[in-house]
Amino acid sequence: MSEMSTKSRELFHYQHDSLIFNGHALFDHVAVKNYDQPLLLHSSELVQERINWVKEWKNLGQLHFAVKSNYDETILKLIQKNGCGVDVVSLGEIQLALRCGFKPQDILFSGVGKTEKEIRFAIENQIYQLNVESISELKRIVKISNQMEKKLHIGLRLNPEVDAKTHPNIATALEDSKFGLNTRDLSEVETLLEDSKYVILKSISFHIGSQVMDTSIFREAVSKMKPIYKDIKSRFSSVDRFDLGGGLGLNYRDHNTANDYERWTQLRQIYEETLSDMPDYFLVEIGRFMVARSAVMVAQVQYIKKTKNKTILILDVGMNNLLRPMLYQAYHQIYPLKLRAGKHSYMVVGPLCESSDVFHADIELNILHEGDFVAIADAGAYTKSMASNYNLQPIVKDIYLD
Ligand SMILES: Cc1ncc(COP(=O)(O)O)c(C=O)c1O
């Protein structure tokens, strides 16, 4: 089979009237047959396929998987087995990564609010890299490393001040963002580093936001950051890796994986072109693109309620398990597990006591009846990892398809 034919496929289709997700007939799955609460069905094969894509990327030093996108231990262990690292943002995520077999030297620690306890843990365990996001944080790190008399490798997360053209709630590189240092902070940073015996600058890092669809924005960010990287390296010879963050988006309305592959290839080409003269190691911190496609949420239609202008499908899963539509107006396609003839426009909502617990204000679906099952697509990233126990509704149960 050619490389493209293994990668180009529709993740969802119907065989007769039954929904197939990546080769699995969901309605016939034993977990659906014995359904008693909403499910999250994972296909590890899809994650493995994406890891393989990344491994084809010759210039890449290391993929640090952004753990915040998916906390599933089976998936994390698979990523670890493939020799990847992790990008984490809390002690909780560090402990999860260690439990899943990652070593401190696989850990890149980002986040704007690192506590003293977290910084001490990072130094004590000699993690791979801690990305600094503010002057105050750097001062705290210098003080703690002096007290502990132990070295720490850091990266500077610098804000390239580009507009990622994504939802404002997931754009992270604008001038007044809480994330990252600005270039005007650099002279103070350099003075602090020159005075520190233990804090070693290894990397310059940027992350422009998440669900970034236009790959040319990555080109713009690299062209702004590369001269800064070279300039800093000329004064700090310890700098030897360029951290390009994550953020590559995907089209949640399109489930042909060839189009994901095309977007990934565009990014890879941008990096290969723009960084070909840089012998340094480079890192990426990708979350969504690795795992979003790898899971579907299965829910049951509890009630169908007719109002003056709407037909409302009330599901047993809500924003406690899938917050993205409410937080970012994100789109998640809904597929009935069994296809009935005819179409109808529905408002699709969850059971929570919040008016904003709405997945779709108006979506056309094949006719559904009370008791029918639906699959909510692309539920592998920023879904269960964002779950809460609000209303004490159950958190989705994990099921592994392969
Ligand atoms: C610092 C950092 N790196 C990496 C990521 C991963 O982003 P994505 O899941 O969009 O690839 C995030 C998420 O926003 C992040 O904040």
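The values are calculated or read from the model by the stated rules, or taken from the named source; none is laboratory data. All values derive from a computational prediction rather than experimental measurement. Heads up, the Cβs are rebuilt from the backbone with ideal geometry, glycines too, and the neighbour counts pull from every protein chain shown.
Among the residues making up segment 276-293, those that are of a type in the set (A, V, I, L, M, F, W, C) and surrounded by fewer than 21 Cβ atoms within 10 Å (Cβ to Cβ) are Met278, Phe282. Please verify whether segment 346-365 includes one or more residues that are surrounded by 14 or more Cβ atoms within 10 Å (Cβ to Cβ), farther than 18 Å from Lys305 by Cα and away from the ligand (no atom under 16 Å from the Cβ). No, every residue in segment 346-365 fails to be surrounded by 14 or more Cβ atoms within 10 Å (Cβ to Cβ), farther than 18 Å from Lys305 by Cα and away from the ligand (no atom under 16 Å from the Cβ). Within segment 306-328, the residues that satisfy the criterion of being in contact with a helix residue (DSSP H, G or I) (Cβ under 9 Å, 6 or more places away or on another chain) and of a type outside the set (A, V, I, L, M) are Gly318, Asn320, Asn321, Arg324, Tyr328. A Cβ distance below 6 Å, combined with a sequence gap of six or more or placement on separate chains, defines the contacts here; from segment 240-262, residues that are surrounded by 15 or more Cβ atoms within 10 Å (Cβ to Cβ) reach residues that are part of a loop (DSSP other than H, G, I, E, B) and of a type in the set (Ser, Thr, Tyr) in the pairs Gly247/Ser210; Tyr252/Tyr331. Just one of (1) more than 17 Å from the chain's Cα centre (by Cα); (2) within 16 Å of the ligand (Cβ to nearest atom) fails for Asn251. It is (1). Checked against the criterion of being assigned by TED's automatic domain parsing to the domain that holds Asn389, without any contact (Cβ under 8 Å) to a residue 40 or more places away in the chain and under 27 Å from His13 (Cα atoms), segment 286-307 has no qualifying residue.
Here Val239 meets each of (1) in a loop (DSSP other than H, G, I, E, B); (2) within 16 Å of the ligand (Cβ to nearest atom) with one exception, condition (2). With the structure loaded, tell me whether Ala122 is among the aliphatic types (A, V, I, L, M), crowded, with 17+ Cβ neighbours inside 10 Å and closer than 21 Å to Ser145 by Cα or whether it fails that test. Against the criterion (among the aliphatic types (A, V, I, L, M), crowded, with 17+ Cβ neighbours inside 10 Å and closer than 21 Å to Ser145 by Cα), Ala122 qualifies. Which members of segment 263-275 meet the condition of being touching a residue at least 60 places away in the same chain (Cβ under 8 Å) and crowded, with 16+ Cβ neighbours inside 10 Å? Scanning segment 263-275 gives Trp264, Arg268, Tyr271, Leu275. Selection of first residues in segment 56-69 that are farther than 19 Å from Phe102 by Cα and of second residues that are away from the ligand (no atom under 14 Å from the Cβ) and modelled with pLDDT under 85, restricted to Cβ pairs under 9 Å at least 6 apart or on distinct chains, gives the following pairs, ordered by first then second residue: Glu56/Glu3.
Hey, any hits in segment 219-232 for a residue that's aromatic (Phe, Trp, Tyr), assigned by TED's automatic domain parsing to the domain that holds Pro168 and either without any contact (Cβ under 8 Å) to a residue 12 or more places away in the chain or within 15 Å of the ligand (Cβ to nearest atom) (or both)? Checked segment 219-232: no residue is aromatic (Phe, Trp, Tyr), assigned by TED's automatic domain parsing to the domain that holds Pro168 and either without any contact (Cβ under 8 Å) to a residue 12 or more places away in the chain or within 15 Å of the ligand (Cβ to nearest atom) (or both). A single member of Ser90, Ser145 is more than 16 Å from the ligand (Cβ to nearest atom), among the hydroxyl-bearing types (Ser, Thr, Tyr) and free of Cβ contacts under 8 Å to residues at least 60 places away in the same chain, and it is Ser145. Considering segment 187-236, and only residues there that are hydroxyl-bearing (Ser, Thr, Tyr) and assigned to a loop (DSSP other than H, G, I, E, B), the residue that is surrounded by the fewest Cβ atoms within 10 Å (Cβ to Cβ) turns out to be Tyr198.
For segment 257-284, a residue qualifies if it is hydrophobic (A, V, I, L, M, F, W, C) and within 15 Å of the ligand (Cβ to nearest atom), and the qualifying residues are Trp264, Leu267, Phe282, Leu283, Val284. Here is a check on your reading of the model: is Phe179 assigned to a strand (DSSP E or B), within 16 Å of the ligand (Cβ to nearest atom) and either in the same structural domain as Gly113 (by TED's automatic domain parsing) or touching a Ser or Thr at 6+ places or on another chain (Cβ under 7 Å) (or both)? Considered against the rule, which asks whether it is assigned to a strand (DSSP E or B), within 16 Å of the ligand (Cβ to nearest atom) and either in the same structural domain as Gly113 (by TED's automatic domain parsing) or touching a Ser or Thr at 6+ places or on another chain (Cβ under 7 Å) (or both), Phe179 comes out as no. Against the conditions (1) modelled with pLDDT of 95 or more; (2) of a type in the set (Asp, Glu); (3) more than 16 Å from the chain's Cα centre (by Cα), Glu10 satisfies every one except (1). Within the option set Leu60, Leu98, Leu76, being within 15 Å of the ligand (Cβ to nearest atom) and more than 19 Å from Tyr382 (Cα to Cα) holds for one residue only, Leu60.
Taken over segment 285-313, the criterion of being within 16 Å of the ligand (Cβ to nearest atom) and among the polar types (S, T, N, Q) is satisfied by Ser294 alone.
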